[in-house]
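Before any comments, here is the structure.
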Amino acid sequence: MPIHILPDALVARIAAGEVVERPASVVKELVENAIDAGATDIRIECAEGGKRLIRVTDNGSGIPAAEAALAFAHHATSKLASADDLAEIHTLGFRGEALASIASVSQVTCITRHADEAGGTLLRFDGGRLIAQERIGRTPGTTMTVEHLFARVPARLKFLKSTQTERGHIDGIVTRYALAYPHIRFTLVHDGRVSFQSLGTGNLRDVLVEVYGADATAQMAEVGDAGQMSDWRLEIEAISNLQSPISVYGYASLPTLDHANRSKITLFVNGRPVQDAKLSYAVVQAYHTLLMTGRYPVAVILVRVPPAEVDVNVHPAKAEVRFRDADAVFSAVQRAVRRALLDNMTPPAPPSLLRQWPNDRQESGATALAATDERPSIVEPTAQPPLTGSEAWERVGIARQTGALGGRVPVTDAATSSAPITQPSPLRTQNLPALRILGQLAESYILAEGPEGLYLIDQHAAHERVLWERLLAQHELGALPSQHLLDPVPVTLPAESAYLLEGQRDMLRDLGFEIEPFGGNTFLVRAVPALMIQDDTATALREIVADLEMGDAALRKDLEARVLRRVCKRMAIKAGRVLSFAEMQALVRDLEACESPRTCPHGRPTMIYVGLKQIEKEFGRLG
Ligand code: ADP
Ligand code: MG
């Protein structure tokens with residue numbers, strides 16, 4: 001559409017503000033204009049950190065001669081027609097303010113030629129006034145030269161920093177756009193020397209090598225699908241029709257590469273750089289337990305959502321956006337990064353001391369026979385469960401439906417022969433035989449005799465399993481007992497966690513937690529699952545929130561399982577507690593009644609079995 005002056009009513013609805021703070025902001029505006037003009041080659045030249053000169057040359061559409069002067073008027077734009085367009089912005093610019101603002105505080109020379117016109121136009125402005133206009137030859141595209149920025153605005157000139165500092169800001173802007181637009185070739189020249197160049201291959205990895213170097217790039221994992229990497233504007237139509245319209249692409253560092261702060265987390269939404277604490281938190285969260293506290297990842301994350309899903313008209317320069325569904329974007333980013341990390345990290349070696357039997361995922365369900373004695377490779381690179389919450393839920397569900405409870409699952413012995421201790425044993429099947437309690441070891445393990453050998457039962461893990469199955473059963477019936485606290489307990493959380501808890505209050509209510517916002521980041525806990533009535537509520541809640549922070553926030557069942565696991569862990573008998581004979585007996589009876597007695601809710605074993613045959617062998621009684 002031709003350049004036109006926006007009507008006052010529309011101007012009033014556009015978030016206004018100063019966009020020209022320093023040379024880097026001029027570079028940003030000019031580069032954005034070049035991108036909006038469809039350029040594939042953008043050259044940025046600066047002298048003295050942009051204080052003396054900034055020149056941006058592009059091979060984009062150019063400006064028609066008849067409109068060139070108008071482009072420098074306030075609120076003159078070709079990118080916005082009506083208020084309706086505000087709801088769905090497809091370009092980086094739309095306010096029609098940048099050229100006018102820049103021209104008013106500098107000397108600007110514009111040489112432009114529209115692709116459809118035979119010749120070009122040269123315009124010269126001084127302090128915002130047009131002082132020269134002539135015809136000039138050039139190839140299609142635009143060159144904007146901004147000289148002596150703020151020369152006549154001493155108040156602002158005073159705030160400019162050293163050439164080095166201003167240069168650094170410009171470098172930051174140019175490299176970020178280069179990362180977000182790998183198909184555009186960017187060249188940055190400082191004082192006559194090329195200081196950065198991207199090749200415009202369309203491959204983000206190539207740009208990463210230019211920005212961070214080959215070594216660092218080798219330690220980064222691709223996030224999402226490269227198919228999502230074309231120019232975002234081309235995809236908007238397609239994306240708008242998708243059911244899950246959020247796409248995430250980029251690169252994120254493996255845990256071997258980190259940084260002292262969040263400044264190396266680069267986020268773009270629809271090709272627009274954003275500084276969004278929540279979004280960068282989503283990236284950080286994906287690294288839960290993978291990075292040391294106080295260390296942050298290096299990441300470039302490009303998020304695409306249909307333009308109608310995001311409000312970019314929040315602040316002219318601060319790079320803020322508002323999502324219609326911020327939670328969905330948050331978890332899409334977190335999930336994509338987490339997935340990339342899991343897919344690209346070598347899982348830790350399985351424990352080897354005492355071979356453990358396959359966890360209960362393999363023990364039940366006719367399709368999941370344990371053909372190997374190896375623990376399944378651990379997918380979550382945390383110390384946490386090989387079984388994700390949702391899997392555990394599904395599994396329990398399947399076990400119930402198919403009656404796997406009683407049906408023993410045959411296990412082949414082929415793979416067990418190499419294991420010195422684990423033999424074909426009664427433990428490979430689902431149910432426990434009746435056990436005779438012998439005593440307690442190290443105040444942590446129950447010793448019991450079975451028909452074919454010795455059982456060492458981890459009292460804490462066993463109790464966790466018992467509680468877990470009990471809670472699951474109650475929850476499935478919708479009858480998880482909740483109990484009001486005599487005195488509601490206030491719990492204050494860090495702002496970022498508070499946001500998370502706020503979003504999960506409904507889910508927690510279904511599990512028996514009654515939690516109300518109490519101003520700021522403080523919440524009032526009024527009721528807890530009955531099992532927890534004696535527990536330290538504040539600590540418990542903090543742990544639960546920490547659990548919610550890790551991993552996938554997508555599946556409600558997964559979150560529920562995580563919370564219930566935490567409840568079990570907290571309420572189960574601790575190691576180090578002396579148990580009476582009756583207590584041990586009760587616990588073992590409860591365990592025998594469990595559907596999956598051999599593992600705790602986190603997938604770790606509840607017991608170790610040493611067969612009589614093995615014992616005889618160790619004593620040299622067997623061949
Ligand atoms: P906005 O980008 O918000 O529209 P600007 O003041 O940055 O406002 O630019 C005003 C208009 O000038 C743009 O809408 C566009 O039509 C034109 N323009 C500016 N820079 C370029 C460029 N490099 N190539 C083509 N057209 C441009
Ligand atoms: Mg602009």
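The values are calculated or read from the model by the stated rules, or taken from the named source; none is laboratory data. Just so we're clear, the structure is a prediction, and the values are computed from it rather than from any experiment. Reconstructed Cβ throughout: ideal geometry from the backbone, glycine too, with neighbour counts over all protein chains shown.
Would you pick out the residues in region 62-116 that are assigned to a loop (DSSP other than H, G, I, E, B), surrounded by fewer than 18 Cβ atoms within 10 Å (Cβ to Cβ) and away from ligand 2 (no atom under 14 Å from the Cβ)?
Across region 62-116, the qualifying residues are 69, 81, 82, 87, 88, 115, 116.
Kindly provide the set of residues from region 573-585 that are without any contact (Cβ under 8 Å) to a residue 40 or more places away in the chain and surrounded by 14 or more Cβ atoms within 10 Å (Cβ to Cβ), ordered by number. Let's see the steps before the verdict.
Just the residues of region 573-585 that are without any contact (Cβ under 8 Å) to a residue 40 or more places away in the chain, to begin with: 580, 582-583.
Passing the criteria: only 583.
How many residues are among the small types (Gly, Ala, Ser) and in contact (Cβ under 8 Å) with a residue 60 or more places away in the chain if we restrict to region 130-164?
Our first condition is that a residue be among the small types (Gly, Ala, Ser); within region 130-164, this holds for 132, 137, 141, 151, 155, 162.
Still in the list and also in contact (Cβ under 8 Å) with a residue 60 or more places away in the chain: 141, 162.
Final tally of qualifying residues: 2.
Just checking, which of 545, 588, 528, 563 is surrounded by 19 or more Cβ atoms within 10 Å (Cβ to Cβ) and in contact with a Gly (Cβ under 7 Å, 6 or more places away or on another chain)? Don't jump to the end; show me each part of the working.
Working: 545 fails: in contact with a Gly (Cβ under 7 Å, 6 or more places away or on another chain); 588 fails: in contact with a Gly (Cβ under 7 Å, 6 or more places away or on another chain); 563 fails: in contact with a Gly (Cβ under 7 Å, 6 or more places away or on another chain).
Of 545, 588, 528, 563, the one residue that is surrounded by 19 or more Cβ atoms within 10 Å (Cβ to Cβ) and in contact with a Gly (Cβ under 7 Å, 6 or more places away or on another chain) is 528.
For residue 138, only one of the following conditions fails: (1) surrounded by 16 or more Cβ atoms within 10 Å (Cβ to Cβ); (2) more than 10 Å from ligand 1 (Cβ to nearest atom); (3) modelled with pLDDT of 95 or more. What is its number?
Every condition holds for residue 138 apart from (3).
For region 20-54, enumerate the residues that are outside any strand (DSSP E or B), touching a residue at least 24 places away in the same chain (Cβ under 8 Å) and surrounded by fewer than 18 Cβ atoms within 10 Å (Cβ to Cβ). Full working, then the answer.
Step one: list which residues in region 20-54 are outside any strand (DSSP E or B), which gives 20-40, 48-52.
Next, only the ones that are touching a residue at least 24 places away in the same chain (Cβ under 8 Å) stay: 20-37, 39-40, 48-52.
Of everything in region 20-54, those that are outside any strand (DSSP E or B), touching a residue at least 24 places away in the same chain (Cβ under 8 Å) and surrounded by fewer than 18 Cβ atoms within 10 Å (Cβ to Cβ) turn out to be 21, 40, 48, 52.
Pairs please, first residue from region 62-79 and outside the structural domain of residue 3 (by TED's automatic domain parsing), second anywhere and of a type in the set (Phe, Trp, Tyr) and within 11 Å of ligand 2 (Cβ to nearest atom), Cβ atoms under 7 Å, 6+ apart in sequence or on different chains.
none
For region 514-525, what are the residues that are within 23 Å of residue 478 (Cα to Cα) and either free of Cβ contacts under 8 Å to residues at least 40 places away in the same chain or surrounded by fewer than 17 Cβ atoms within 10 Å (Cβ to Cβ) (or both)? Spell out how you get there, then give the answer.
Let us first name the residues in region 514-525 that are within 23 Å of residue 478 (Cα to Cα), namely 514-516, 525.
Hits for region 514-525 are 514, 515, 516.
Yes/no matrix, rows are residues, columns are (1) among the charged types (D, E, K, R); (2) closer than 17 Å to residue 581 by Cβ; (3) within 37 Å of the chain's Cα centre (by Cα); (4) assigned to a helix (DSSP H, G or I):
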{"position": "439", "(1), (2), (3), (4)": "no, yes, no, no"}
{"position": "446", "(1), (2), (3), (4)": "no, yes, no, no"}
{"position": "457", "(1), (2), (3), (4)": "no, yes, no, no"}
{"position": "470", "(1), (2), (3), (4)": "yes, no, yes, yes"}
{"position": "475", "(1), (2), (3), (4)": "no, no, yes, yes"}
